[in-house]
Every structure is written in C-alpha cells, then in structure tokens.
Amino acid sequence: MRVKVLTIFPEMFPGFLGYSLTGKALNEGIWSIESINIRDYAFDKHGSVDDTPCGGGAGMIMRPDVLGAALKANYHGGKLIYMSPRGRQLTQDYVKELSTAEDLTIICGRFEGIDQRILDAYNVEEVSIGDYILTGGEQAAQIMLDAVVRLLPGVLGNVDSLSEESFEDNLLEHPQYTRPINWEGLEVPAVLLSGHHGNIAKWRKEQSLEITKARRPDLMKKYLDSQGD
Ligand code: SAH
C-alpha cells in the first residue's frame, strides 16, 4: 500500500507508525508513506495556506487554491480521503475496506477545516475517527493508518489473532489471562487451565456475549440480527 499524506506538519509522519508492527512493516516495504507539505504549494512568500471563513465566524479555513495545487501535483488516482469529524465513522469493517486500497491519499485538516469545493471537486471520502474534535487531521490519519496497516498481509505474525478480536462477529473480546496463575491471590479461571478446547471455547463465547450485552447493546443487537440469517 502506497500512502501519501497532505499536511502542513510533514515532520509528524510517520510518527508512531514508525514503531512496532507498523514500523517493521514500513521498513520491510509492506507499505510506504510520503508526506507532502501543503505549504510548498502556497503562492506568497509567507506560505499562507488559510484564510478567514466567507460569511464570517471563528477560525481559519484552508484555501482551495493552495490545497488544490498540492493535490494536482501529488494525487494521481486511488482512494482520496479527508480526515473529518463529519465523515463516515471508522469501524473495523470500514478499516477492512480501506486495507484493500493500493493507493491512499490523505488530506489532514487544520484550523476549522478545508474549503468545501475541494471535497466536491475531487469527490473526497470523509473519514471520522469518532465523535470528538481534534486539533488536526494528522492524529486521526495516524490512528486510521495504524488500524489499516495492521491488516495488510504479513504485518501480524499470527493471523489467527485477527479472527479472534473484538468486533469480529460484532462481539467484544472475552477476558484474557497469562502467567503467573496466581497473582496476589487472584487466580486465572480454572477452565482456561483445563486443556479442554471445547469448554474453553464455550467459556470464551459466553464471556464475550455477557460483556457485549452489558457494554454495547448496539453491537449485541447486530450480533443477534446476524444470527437470525
Ligand atoms: N470545524 C470543524 C473541526 C475542525 S478540527 C468541524 O466542526 O467539523 C481541525 C481538523 O482536525 C479537521 O479539519 C480534521 O482534519 C481533523 N479532525 C478533527 N476531529 C476529527 C475527527 N473526529 N476525525 C477525523 N478528523 C478530525
């Protein structure tokens, strides 16, 4: 997967994506990232990329002429995304969908966001990482990329861990334990030490159902609906 990020803070990348599994995958060439400094496409000597909102109001808006020039020079097809609180909310299903893209270009907003005409002219896909407001799209882009890169073939050592995670089948993950068996008087549930795979699977499923029902009735409903098929 080839990723391009349009940002006014190119030095923020790869950021935490340069560590651990995503960093290793970056070194191995499973994915690549190029950050493009939007300011390089500014028309004046101050490198100005923003201006006040038409119609008035607080803050600044990123100019379509500068961002447009950056896109023209760097976007040559593939998925084009703008990180935005108004976007389609990122879920594990959406992450899976994005992980099939070969070319991903991401626009990171700053200030109060970008001019609507860029979104319209380029038919940009807007992605939100949740119902809260960040100071910039860079943080959101890195979170999205972390989840996406994790799913690229060869990134995770153990592919089984993918199918057993939270949100697979719309259920949250069961509790997990490791050694020592007794920690400060607290024991690992006996069933997990029994070696009986059937009972272990049954216990985990029951725990998953219980936790999902208690914490996420919305997911539980999806799960129950999918069982009806
Ligand atoms: N005025 C905008 C918020 C601007 S926040 C509004 O009310 O919708 C500045 C930038 O941070 C945005 O342009 C966007 O790129 C990024 N951003 C903020 N919150 C985000 C979120 N929840 N998901 C994705 N990107 C976000």
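The values are calculated or read from the model by the stated rules, or taken from the named source; none is laboratory data. Every value quoted in this text rests on a predicted model; they were computed, and no experiment measured them. In this analysis, Cβ positions are derived from the backbone assuming ideal geometry, glycine residues included, and neighbour counts consider all displayed protein chains. All accessible areas refer to the heavy atoms of the entire protein, side chains included, with ligands and DNA or RNA removed. Shrake-Rupley method; radii C 1.70, N 1.55, O 1.52, S 1.80 Å.
On a full-extension model of 0.36 nm per residue, what is the gain between D65 and R2, subtracting their alpha-carbon distance, rounded to one decimal in nm?
Taking 0.36 nm per residue and subtracting the Cα distance, the gain is 20.2 nm.
Among I33, I107, I181, whose mean-square fluctuation peaks in a Gaussian network model of the chain (Cα, cutoff 10 Å)?
Looking only at I33, I107, I181, the biggest GNM fluctuation is shown by I181.
Under a cut-off of 28 Å between alpha-carbon atoms, report the lysines in cross-link reach of K205, not counting same-chain residues fewer than 8 places apart.
K96, K213, K221, K222
Find the relative contact order for the stretch 161-227 and round it to a whole percent, using C-alpha pairs within less than 8 Å whose residues are 6+ positions apart.
Answer for the stretch 161-227 is 38 percent.
If you average the sequence gap of Cα pairs under 8 Å that are 6 or more apart and divide by the length of the chain, what percent do you get for the contact order? Walk me through the numbers before you get to the answer.
Working: 308 pairs, mean separation 43.7, N = 229.
With pairs under 8 Å counted, the relative contact order is 19 percent.
Roll a 1.4 Å probe over the protein chains and send me the accessible area per residue for the chain in Å². Write down the numbers at each step before the final one.
On the way: 13350 Å² over 229 residues.
Dividing the accessible area of the chain by its residue count gives 58 Å².
Return the distance in nm (one decimal) between the two label points of a simple spin-label model at L162 and N74, each offset 7 Å from Cα along Cα→Cβ.
Going by the 7 Å Cα→Cβ label model, 2.9 nm.
Tell me, what % of the accessible area of the stretch 129-229 is carbon and sulfur with a 1.4 angstrom probe?
C and S atoms contribute 54 percent here.
Hand me the trypsin sites (Lys or Arg not before Pro) from the stretch 27-136 located in a DSSP loop with no more than 14 other Cβ atoms within 10 Å, in residue order please.
K45
Using the basic label-point model (7 angstrom from Cα toward the beta carbon), what is the H197 to D93 distance in nanometres?
Between H197 and D93, the label points sit 3.1 nm apart.
I need the Kirkwood Rh of the chain: take the reciprocal of the average 1/r across all distinct C-alpha pairs and report it in angstrom.
20.4 Å
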